[in-house]
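The values are calculated or read from the model by the stated rules, or taken from the named source; none is laboratory data. These figures come from a predicted structure and were not determined experimentally. All Cβ positions, even for glycine, are placed from backbone atoms using ideal geometry, and neighbour counts span all protein chains on display. When the accessible area is computed, the model is the full protein with side chains, heavy atoms only, and any ligands, DNA or RNA have been set aside. Shrake-Rupley method; radii C 1.70, N 1.55, O 1.52, S 1.80 Å.
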Amino acid sequence: MFEIGLIHNHPLIEWAVSQALAGAQDMCVHVLSADRTGPAGQGALPGRLDVLVMDRPPGRSPLAEAAATRASCVLLMSATGAEGAYPGVSGWLSERSDPVALAAEIRAAARRSRAAADRSRRARTRPASTPDDVTLLSVREHQVLRMLARGLTHDQTARRLGISCHTVDTYVKRVRGKLGVGTKAELVRAAMAYGCD
């Protein structure tokens, strides 16, 4: 269940958005108006929010600031749907979106924030890789890792090794699994740590 916070100064828009999201079975919506959450909005704030939807950037009120610190993702809502960049704001929503599209955008943001939190949690709990991990790799996996660390693409690596690009992708997936890395940047850093450059 995704935890969604909602702060909007216009009561009608706040009600409409909460109603649009109320039908979603995978979302729990917390309307965080000052009159509903007690003094400065501190009373009924949930412990964590996957997404906070608000009409103004965080920092403009104690309630907004407190809610933003508990949210993995902050989406600002405006009439146009895009106003500019603010620190701590992940994206924009249009107040004129139809309810289905609005719920879909918020659900997608919640999934992205959960996935990022899960990756971060796994990275913190994963034991640090050691150069001994490179002995887990086959000769071919080591060759692919070395070429990627040198900046070659999957296609260039495949041509140099005389294998298909699909095979290179398979080796990369295996290396990522063995070394416990997710992104290409982490893969290249691991290759450099193992002296594969």
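Key figures
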| quantity | calculated |
| --- | --- |
| Residue check for residue 91: at pLDDT below 80 and either of a type outside the set (Asp, Glu) or under 18 Å from residue 28 (Cα atoms) (or both) | no |
| Residue satisfying all of: in region 49-78; of a type outside the set (A, V, I, L, M, F, W, C) and part of a helix (DSSP H, G or I); most open to solvent (accessible area, probe 1.4 Å) among these | 69 |
| Hits in region 170-197 (condition: of a type in the set (A, V, I, L, M, F, W, C) and crowded, with 16+ Cβ neighbours inside 10 Å) | 172, 175, 179, 181, 187, 188, 190, 191, 193, 196 |
| Where a residue in region 147-173 is touching a residue at least 24 places away in the same chain (Cβ under 8 Å) and charged (D, E, K, R) and its partner, wherever it lies, is surrounded by 14 or more Cβ atoms within 10 Å (Cβ to Cβ) and in a helix (DSSP H, G or I), with Cβ under 9 Å and at least six apart | 150/191 |
| Residues of region 157-169 classified as open to solvent by less than 70 Å² (accessible area, probe 1.4 Å), part of a helix (DSSP H, G or I) and over 22 Å from residue 193 (Cα atoms), total | 4 |
| Residue selected from region 5-30 under the condition open to solvent by less than 40 Å² (accessible area, probe 1.4 Å) and in a loop (DSSP other than H, G, I, E, B), by the criterion nearest to residue 92 (Cα to Cα) | 8 |
| Test for residue 111: is it among the basic types (Lys, Arg), open to solvent by 40 Å² or more (accessible area, probe 1.4 Å), modelled with pLDDT of 80 or more and part of a helix (DSSP H, G or I) | yes |
| Region 17-35, residues that are touching a residue at least 40 places away in the same chain (Cβ under 8 Å), more than 21 Å from residue 65 (Cβ to Cβ) and of a type outside the set (D, E, K, R) | 19, 20, 21, 23, 24, 27 |
| Output for region 3-57, where each listed residue is farther than 18 Å from residue 77 by Cα, at pLDDT below 80 and of a type in the set (Lys, Arg) | 36 |
